Amino acid sequence: MPSSDQKITKDRYMLIPRTMILIRRGDEYLLIKGAPTKRLWAGKYNGLGGHIERGEDVITAAKRELFEEAGITADLWLCGTVIVDVNEIGICLFIVCGENASGEIQESHEGKPEWVKKEALSYLPVVEDLPILLNKIHSMNQNDPPFSARSFYEDDKLKIVFI
């Protein structure tokens, strides 16, 4: 269907597609500690990931981001989606889980990837939504259906509502 039939106009809610990759190894997750030079989340732990480029599907983008940020590959699958309600333009965050990481982890300009025990999230500097999302996916298996959620702020407090 051509874009003219899609009713895409500037007054409609638009979403920017991004990935967050959470690689699991037992009770550890591969997270990235943001480089001190980053504009956002410098020095904070987060999942790996980034923008989905034009022409990429979600898993291809996640594989590319994983290799760019950590120099490794893994078995990946879609765990869920989160609509991050920012303003007129939101983020569609595709949560991609993975296991069986292979390769030697390398640092990148984005930061330093590290294996972090799940319980360490309570005392490490983390991006605000990371503990909530890790709790959601921690017991998920590759064959489980993906979850759907919406993230927003209410009274200056982060809320994530899972459907």
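Give the relative contact order (percent, whole number) for segment 38-163; include only Cα pairs under 8 Å separated by 6+ residues.
Result for segment 38-163 is 26 percent.
Could you list, by residue number, the cysteines of the chain that have no other cysteine's beta carbon within less than 4.7 Å of their beta carbon?
Cys92
In whole Å, what is the distance between the alpha-carbon centres of segment 91-121 and segment 25-70?
Measuring centre to centre over Cα atoms gives 6 Å.
Rounded to the nearest 500 deg cm²/dmol, what is the calculated helix-only ellipticity per residue at 222 nm for the chain, with -39500 (n - 2.57) per DSSP H run of length n ≥ 4?
For the chain, the value works out to -4000 deg cm²/dmol.
Taking the Cβ of each residue in Arg24, Arg150, Arg54 as the centre, tally the other Cβ atoms inside 10 Å and list the residues starting with the fewest.
Listed from fewest to most nearby Cβ atoms, that is Arg54, Arg150, Arg24.
What fraction, in whole percent, of alpha-carbon pairs in segment 18-162 exceed 17 Å separation? Mind showing how you got there, number by number?
Values: 6227 of 10440 pairs.
Tail fraction, whole percent: 60.
Can you give me the distance in nm between label points at Lys159 and Tyr13, each placed 7 Å from the Cα along the Cα-to-Cβ direction?
In this crude label model, Lys159 to Tyr13 measures out at 1.4 nm.
Among the lysines, which fall within straight-line cross-link reach of Lys63, defined as a Cα-Cα distance under 21 Å, with same-chain neighbours fewer than 8 residues apart omitted?
Lys33, Lys112
Each value in this text was obtained by applying a stated rule to the coordinates, not by laboratory testing. Predicted model, so just to flag it, every value in this text is computed and none were measured. Because the Cβ atoms are built from the backbone with ideal geometry, glycine has one as well, and the counts that use them run over all protein chains shown.
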